[in-house]
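Structure, as structure tokens:
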Amino acid sequence: MSEFKIGKLTLKNNVLLSPLAGISDLPFRIINRQFGCQFAFTEMVDAASIKYRKGVKICKLETIPEDSPLGSQLLGQDAGIMLEGALFLQDRGIDLIEVNASCPARKVIKKKAGAFLMKNTGRLKEILKLLAKNLKVPLTLKIRTGWDDNSLNAVEVALLAEDCGIDALVIHGRHCRQGHQGPVNYALIKAVKERLSIPVIGNGGIWCGRDALLMFEQTGCDGIMIARGALGNPWIFKEIDVFLSQGIILPRPGWDKVKDTLIQHLHFLINKDGVPLAIIKMRKFFRYYLKNLSGRKKIVSLLDKAKSEEEVISMINSLQD
Ligand SMILES: Cc1cc2nc3c(=O)[nH]c(=O)nc-3n(C[C@H](O)[C@H](O)[C@H](O)COP(=O)(O)O)c2cc1C
């Protein structure tokens, strides 16, 4: 994996961790960074909520020096409010700002934000021009292949975005109607890559080193972005590195390693949020870490009753591979 430049930002490699709403908080990012992730995003930030309820956003932006470089993704559809949000993030030390034109959630589309911007290219242009003109930190855009099978307009949107002055483009190789399921359209990512001069980052369906290679080979993209592949599997960054550089498939870690990481993740969460909230948040991570364990369902249901870190740790220790 090689050094990777996005505008004036130089990253140690070209494998990035995707923004994941409800997931990519500080403990999640730190766990992934420990295993080789070099660049991460905060959880997505709604530009309007920065404008109207700043306190909520400040907790999403909690970070520490090891959590660097750090990007933040903005959601919205009003250029002025997006700029205000972007400047707020920049002032708080965020290293890169990304505009979300990829979210398919109904409540987001209803507000004409996220992937809806791929249909409203006039508005997208207005937002990107304003942000590119006023930001000092690099600006990226995350798009999909299009709205649906009949409107695969990624190339047109990508060219427009490059013309507005973005520093790199992320493309999730599925259209909005696919959500997060279905095949990844490598051909369209390739078509986008062939038309742009700025770096193109391919995303979608990367679960292991082989998938990472497939994305690079099929599309010629400059970088890749990992999303669900990192859930309960922070080792994916190392796995990809070793596979791309040496062609070796590292075995997935055994239960002892998974257990240690799970306990460490829990500990970070408890330090940040206190026991009750940390246990609530940990439920979703348990599902991923314990994917292949038979006692998984039982522990997730018992977790609600736990009152302390020690109780949760003893439940984890009671699980057998
Ligand atoms: C729980 C969850 C939260 C997500 N949150 C965001 C988000 O905030 N912003 C975004 O651009 N994409 C988000 N995504 C989409 C991923 O970043 C990624 O584009 C998608 O999952 C495809 O990659 P994958 O097939 O490797 O998972 C989210 C996906 C999941 C599963």
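The values are calculated or read from the model by the stated rules, or taken from the named source; none is laboratory data. Just so we're clear, the structure is a prediction, and the values are computed from it rather than from any experiment. Cβ coordinates were reconstructed from backbone atoms using ideal geometry, including for glycine residues, and neighbour counts include every protein chain displayed. All accessible areas refer to the heavy atoms of the entire protein, side chains included, with ligands and DNA or RNA removed. Shrake-Rupley method; radii C 1.70, N 1.55, O 1.52, S 1.80 Å.
Is it true that some residue in segment 278-285 is within 23 Å of Ser24 (Cα to Cα), open to solvent by less than 40 Å² (accessible area, probe 1.4 Å), at pLDDT 80 or above and in contact with an Asp or Glu (Cβ under 9 Å, 6 or more places away or on another chain)?
yes
Residues Val99, Val15: which one is within 22 Å of Lys238 (Cα to Cα) and either of a type in the set (A, V, I, L, M) or open to solvent by 30 Å² or more (accessible area, probe 1.4 Å) (or both)?
Criteria check complete, one pass: Val15.
Report, by residue number, each residue of segment 24-47 that is of a type in the set (A, V, I, L, M, F, W, C), within 15 Å of the ligand (Cβ to nearest atom) and open to solvent by 20 Å² or more (accessible area, probe 1.4 Å).
Met44
Considering only segment 90-108, how many residues are aliphatic (A, V, I, L, M), out of contact with any Gly (no Cβ under 6 Å at 6 or more places or on another chain) and within 14 Å of the ligand (Cβ to nearest atom)?
Going through segment 90-108 one residue at a time, the tally reaches 4.
What pairs can you find where one residue is in segment 210-235 and not assigned by TED's automatic domain parsing to the domain that holds Ser18 and surrounded by 20 or more Cβ atoms within 10 Å (Cβ to Cβ), the other is modelled with pLDDT under 95 and not in a helix (DSSP H, G or I), and their Cβ atoms are less than 6 Å apart, with a gap of 6+ or different chains?
Cβ pairs passing all conditions: none.
Tell me yes or no: at least one residue of segment 48-68 is assigned by TED's automatic domain parsing to the domain that holds Lys125, within 14 Å of the ligand (Cβ to nearest atom) and under 19 Å from Val170 (Cβ atoms).
no
Looking at segment 107-119, is at least one residue under 18 Å from the mean Cα position of the chain (by Cα), at pLDDT 95 or above and of a type in the set (Phe, Trp, Tyr)?
no
Working carefully through the options Gly146, Gly122, find the one that is in a loop (DSSP other than H, G, I, E, B) and either open to solvent by 30 Å² or more (accessible area, probe 1.4 Å) or of a type outside the set (A, V, I, L, M, F, W, C) (or both).
Exactly one of Gly146, Gly122 is in a loop (DSSP other than H, G, I, E, B) and either open to solvent by 30 Å² or more (accessible area, probe 1.4 Å) or of a type outside the set (A, V, I, L, M, F, W, C) (or both), namely Gly146.
Counting just the residues of segment 219-233 that are in contact with a strand residue (DSSP E or B) (Cβ under 9 Å, 6 or more places away or on another chain) and assigned to a loop (DSSP other than H, G, I, E, B), which one comes out farthest from Ser24 (Cα to Cα)?
Step one: list which residues in segment 219-233 are in contact with a strand residue (DSSP E or B) (Cβ under 9 Å, 6 or more places away or on another chain), which gives 219-227, 230.
Narrowing the set further to residues that are assigned to a loop (DSSP other than H, G, I, E, B) leaves 220-222, 227.
Numbers: Gly220: 27, Cys221: 24, Asp222: 23, Ala227: 10 Å.
Filtering first and then ranking leaves Gly220.
When residues of segment 73-119 are filtered for being polar (S, T, N, Q) and in a loop (DSSP other than H, G, I, E, B), how many remain?
So the count comes out to 2.
Taking Ile171 as meeting all but one of (1) near the ligand (Cβ under 10 Å from one of its atoms); (2) open to solvent by 10 Å² or more (accessible area, probe 1.4 Å); (3) within 15 Å of Pro199 (Cα to Cα), write down the number of the exception.
The number of the failed condition is (2).
Counting just the residues of segment 229-248 that are in contact with a Phe, Trp or Tyr (Cβ under 6 Å, 6 or more places away or on another chain) and modelled with pLDDT of 95 or more, which one comes out nearest to the ligand (Cβ to nearest atom)?
Residues of segment 229-248 in contact with a Phe, Trp or Tyr (Cβ under 6 Å, 6 or more places away or on another chain): 229, 231-232, 234-235, 237-238.
Next, only the ones that are modelled with pLDDT of 95 or more stay: 229, 231, 234-235, 237-238.
Details: Gly229: 5, Leu231: 8, Pro234: 14, Trp235: 15, Phe237: 13, Lys238: 17 Å.
Checking each candidate, the answer is Gly229.
Matching residues to (1) buried (at least 21 other Cβ atoms within 10 Å of the Cβ); (2) closer than 26 Å to Gly173 by Cβ:
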| site | (1), (2) |
| --- | --- |
| Leu196 | no, yes |
| Ile206 | yes, yes |
| Pro251 | no, no |
| Phe268 | no, no |
| Pro276 | no, no |
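Okay, residues lined up against (1) more than 30 Å from Asn134 (Cβ to Cβ); (2) acidic (Asp, Glu); (3) not assigned by TED's automatic domain parsing to the domain that holds Gly223:
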site: Asp148; (1), (2), (3): yes, yes, no
site: Glu162; (1), (2), (3): no, yes, no
site: Leu169; (1), (2), (3): no, no, no
site: Arg195; (1), (2), (3): no, no, no
site: Pro199; (1), (2), (3): no, no, no
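Among Ile143, Ile127, Ile201, which is at pLDDT 95 or above, in contact with a strand residue (DSSP E or B) (Cβ under 9 Å, 6 or more places away or on another chain), farther than 20 Å from Leu11 by Cα and within 12 Å of the ligand (Cβ to nearest atom)?
Ile143
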